[in-house]
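Here is the structure we will look at, set down as C-alpha cells.
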Amino acid sequence: MLTFLNNIFLPALAAAILPILIHLLTRRRLVERQWPSLRFIEEIQKRRMRRFKLKQILLLVLRVLILLLVIGAFARPAIRGARASTSTGSRERTSIALLLDASYSMGQEAAGVDLFTKARQSAEDILELVSEGDEIAVIPFAEMPAPTSPEPYKSMSGAKQALDSLHLRSGTTDVWNAIALGVELLSKSRLPNREIFVLTDNKNHGWRRSGEMDIPEGINLYALVFSPDDDRNIGISSIEFPRTLLQKDVPFSLQPEFKSYASGAIKDFVANLYLDGEKVAQRAIDLAPGEAASIEFRAQVDEGGFHFGEFRCEGDALPADNSRFFSFKIPEKIEVLVVGGNEAKFIANALAPVEGDFFNVSRISYSRLGSELLSTRDVIILSDPPELSANLAASIDGFVSRGGGLAVLLGGSPDPAKSWRSVVGENFPISVVASIGDSLGKSRFVLGGADFEHPVFTPFKKEGLPDVEFKRVAAIVDADRVPIVLSNGVPLIAETELGDGKIAICAFSASLSFGDIATGGFFVPLMHRLTQYLNADVSEFDPGYLVGDEIVRTIDATTAGAFALIQPDGSRAFLAPRFAAGRTILSVGGASLPGIYQVLAEEKIVDLFAVNVDTRESDSDELDRGAVENAVKIVWISTDKDIADEILSRRYGRELHHAMLIVAFILMLVELVLGGTWRRQRDLSDRIRDREM
C-alpha cells in the first residue's frame, strides 16, 4: 500500500502541469509558402517534422516526470508492508517503550565500546524521532524490569536524562518479563501509535520461552540486537566445597569449575585464589571451546572466626563472571556438654585432655542436667542415658531445633529403646528396638564399612577403619543416613536433622564393659570430628546466593540495637531484626551486587555471606530469531544501518524518495542530452522559417 509521510507537499504536484502550459504557450505558428525548387524535398521534410514533434512530446514527458519525481520525493512516499505500523503519517503521536538490557553480558565490547553504551546511543537515536505530544517510557531490565519513572516522559530531554543515568547490573536477562511490562504500560496509552523497542545482545538465554506471547493489536514490537566482536570469555560457574570439617592450621581443598564460553581454545589462562583479601594460590588453565574443568586449590587459615574467599581470573572480554565468592566460619571454641556416669570421662578426655583446648568441655551427671542452661552450649553428648523426664526431653528438643548438635550413645543404656524414646518421643522416624550382645562378650562385633566421603570419616579413607571390638550395641532401625556400619550390617552411627540442628545416634558405649573403642586410637578422632560435624558453625561452607535472590539470614546473635549490612561496594544499610526461638532473623532482600556481605552488630561481625552472578548469562548460545518469531510478532531493526531510517521504514513502510531522486537525476541527464542533440540538428528549413516569422 502506497502512502505519503509528508502530505503537505502533495498539492505541489500540480506544478507538473507547468511544462505542458509552457509548451502550449510557446508553440510557433509557421507561414506556409510554396517553393517550386523545394517540392522534391517536401516529403523528406514531412518525415523530419514527424520525428521532431515526437521528440518534443518525449521532452515534455521527461520534464513532467522530473517535476513529479522531485516534488513527490519531498512528500516521502512509502510502500507499507504487512508488518508496517498502522499509522497514517509521520505526524501521528506515538507512545514508545524503550526496553534496555542492563544485564552483565552487555559489558562485552564491539569496536572498543561496550554493548550497553551502544544500546544507549541507539536509544538516543530513537528519541530523535520523538516529537511534541509523544510519550516515552524508559525501562532498564535484567532479571526484572523497572521503569525509571512512574509516568512516561513527555519530552525528549527527560528521557535522555533517564538514559544517561542507567548503568550495567549484575543480573541475568529476562526479555519476556520486560516485554510484558512494556505491553502493560502501552496498553494504558491512548495515543494512536504504540511501539516497544527491545535493545539487547545476541545471547539466547534471555529469550528462552515455551509457548507464544500475544501482543495486543495496535502495539508494534521491534528489536535491536548488538553483537560483540570479541568472544574470549572464561566464567567460574561453581565451587565444589570439601566434605570435610574445617579447622584452623589444617589444609583444605576447593575445586572451582572454570568454563570456556569462547569459540577458540584458551591457553595458559591464570586463575587465582584469594583468602581474606590475600592471594594464596595460583593455577594456569587450558580449555577447549565450550569445555568445563574443575581445578583443585589447597589453602588453610590460622585463625578461627569468619573468613571469605574469591576465585578470580582476568584478561578476558567479559569481566563480570571472572570472580566467584564464598565464605566460611571456624569457631574459636566449641562449647560441649557431656552428660553421663563414669564412662563419660573417656568422652571428655578425648575432646579436651587439657584446659584451653579447641573444645571447652563440661561433664555433669544426669541429675544436674535440669539445671543447665543449654543455650550456652554448641553440642550436647548424652552417654548411656536413662529414661529422661518430659521436661528434660522438651529442653533438649528445643536446643536441637534452634541449631544445636546432639550425640546420643546408647550402647550402655539399661533399655536403649526406652531411653531413645524418652529423648525424642514416640513418633520419631528413627527407632532403637533393643540391645545386641552383653557385657560378657559372648558376641563380639567389629567395624564393617564406612562412607569415606562423609566429613567425619574422610581422614580414614586412605588407611581404612581400625580393628575395634564391641560386646554390646543398640539396634538402630529405619535410619536413612548411616555413615558407618558393623560387620553384621547394623548401623554403628546414624544421623538425622531436627529443625536447624543435627542428631547423631550412636549404637556403642564409651564404657569399657561394652567394648574397647574408648581405649583405641580410633575414639579420639571419631569424637573430635563427630562433635565438629554436629556443631553447625563448621559443618559446611556457606555456598552463598545469586544476584537477585531474596536473602533471609538466621543467626544466633541477639542485640537490642539495629544490625548493619555492609555491601561489597562499601555502602551501609540497616536491617530490622525479628526474633524467634532465641534466634535473630534478618531479611536482607534482593542482592544486586556480587561480592561479600557483612552483618554487624555493635560494629562486630556476626554474619558473613557471599553473592555471585548467575553464569547462565555468560552462555555463548546465539539468539535464535526463528524461535522468537514463532513466539511473538516481532520486527528486527539492523544496528549496522541508520537506525532512524530503519525505524521509519518499518514504521511507515519502505520509503521511495531516495530512489525517486535518483530516477529524476537520470531523467534530467537524458533530457539534457536529447535537448542538446536536437538543437544541433536543426536544418536549413528551420532557420528559413525563423526568418519569415
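The simple spin-label model puts a point 7 Å past each Cα toward its Cβ; for PHE665 and ARG616 those points are separated by 5.3 nm. Inter-label distance, GLU296 to SER487: 3.3 nm, where each label sits 7 Å from its Cα along the C-beta direction.
Is the shape of segment 93-174 best called rounded, prolate or oblate, per the rule: a/c under 1.5 gives rounded, else a/b larger than b/c gives prolate, else oblate, with a ≥ b ≥ c the square roots of the Cα gyration tensor eigenvalues? Can you show the working numbers first?
Details: a/c = 2.56, a/b = 1.55, b/c = 1.65.
Oblate shape, in that a/c is at least 1.5 and b/c is the bigger or equal ratio.
For n ≥ 4 DSSP H runs only, could you compute -39500 (n - 2.57) per run for the chain, divide by its residues and tell me the 222 nm figure to the nearest 500? Result for the chain, helices only: -7500 deg cm²/dmol. Just to be sure I understand the rule: take each whole DSSP H helix in the chain, project its Cα atoms onto its long axis, keep it if the span is 20 Å or more and its mean Kyte-Doolittle hydropathy is at least -1.0. Which ones pass? TM-like helix candidates: 42-74, 657-680.
Among the GluC sites (Glu not before Pro) in segment 277-360, those located in a DSSP loop and surrounded by at most 12 other Cβ atoms within 10 Å of their own Cβ are GLU296, GLU303, GLU314, GLU332, GLU355.
With the charge dipole of the chain set up from +1 on Lys and Arg Cβ and -1 on Asp and Glu Cβ about the Cα centre, the Cα lying farthest toward the positive end among the listed residues THR117, LEU129, PRO11 is that of PRO11. Counting only protein chain heavy atoms and rolling a 1.4 Å probe, the accessible areas of LEU546, LEU62 rank, largest first, as LEU546, LEU62.
On the accessible surface of the chain, probed at 1.4 Å, how many percent belong to carbon and sulfur atoms? Kindly include the intermediate steps, with their values, before the conclusion.
On the way: 17560 of 34130 Å².
Accessible surface attributable to carbon and sulfur in the chain totals 51 percent.
Amide H contacts of ILE436 (H built 1.01 Å from N, in plane; Pro and chain starts excluded): VAL473, ALA474, ALA475 sit under 5 Å, all sequence-distant by 5 or more or on other chains. Where both bridge residues fall in the chain, DSSP classifies roughly 65% of the beta bridges as antiparallel.
Rounded to the nearest 0.05, what FRET efficiency do ASP125 and GLU463 give with R0 = 60 Å and r taken as the Cβ-Cβ distance? Could you check?
Details: r = 71 Å, r/R0 = 1.18.
Plugging the Cβ-Cβ distance into 1/(1 + (r/R0)^6) gives 0.25.
Taking a ≥ b ≥ c as the square roots of the eigenvalues of the alpha carbon gyration tensor, segment 376-492 is oblate, as a/c is not under 1.5 and a/b does not beat b/c.
Hey, can you rank 147-157, 97-107 by average C-beta count inside 10 Å, highest first? Can you show the working numbers first?
Numbers: 147-157: 14.6, 97-107: 26.3.
Result, highest mean Cβ count within 10 Å first: 97-107, 147-157.
Taking the centroid of alpha carbons for each part, segment 546-607 and segment 193-265 are 28 Å apart. Once the Cβ-Cβ distance of THR376 and ARG444 is raised to the sixth power relative to R0 = 41 Å, the FRET efficiency obtained is 0.55.
Anything over 23 Å Cα to Cα? Flag those among LYS333/LYS502; LYS203/LYS259; LYS418/LYS471; LYS248/LYS604; LYS279/LYS462; LYS248/LYS279, in the order listed.
Working: LYS333/LYS502 18 Å; LYS203/LYS259 17 Å; LYS418/LYS471 20 Å; LYS248/LYS604 21 Å; LYS279/LYS462 30 Å; LYS248/LYS279 18 Å.
Beyond 23 Å: LYS279/LYS462.
Taking a straight line from the alpha carbon of LYS188, these lysines sit under 22 Å away, with near neighbours fewer than eight places off in the same chain left out: LYS154, LYS633.
With every protein chain left in place, what is the accessible area per residue of the chain in square angstrom, probe 1.4 Å?
Details: 34130 Å² over 693 residues.
Here the per-residue accessible area is 49 Å².
Rg/Rh for the chain to two decimals, with Rh computed the Kirkwood way over all alpha-carbon pairs. Numbers along the way, then the final one.
On the way: Rg = 42.6 Å, Rh = 32.8 Å.
My calculation puts Rg/Rh at 1.30.
Quick check: with the 1.4 Å probe, what order do VAL446, VAL611 take by accessible area, largest first? Mind dumping the intermediate values first?
On the way: VAL446 60, VAL611 0 Å².
Ranked from most to least accessible, the order is VAL446, VAL611.
Between VAL280 and GLU240, the distance separating the two model label sites (each 7 Å from Cα on the Cα→Cβ line) works out to 2.0 nm.
The values are calculated or read from the model by the stated rules, or taken from the named source; none is laboratory data. Small disclaimer: the values here were computed from a predicted structure and weren't measured. Quick reminder, even Gly has a Cβ in these numbers, built from the backbone with ideal geometry, and neighbours come from all protein chains shown. The protein model used for the area step is the full one, side chains on, heavy atoms only, and it has no ligands, DNA or RNA in it. Shrake-Rupley method; radii C 1.70, N 1.55, O 1.52, S 1.80 Å.
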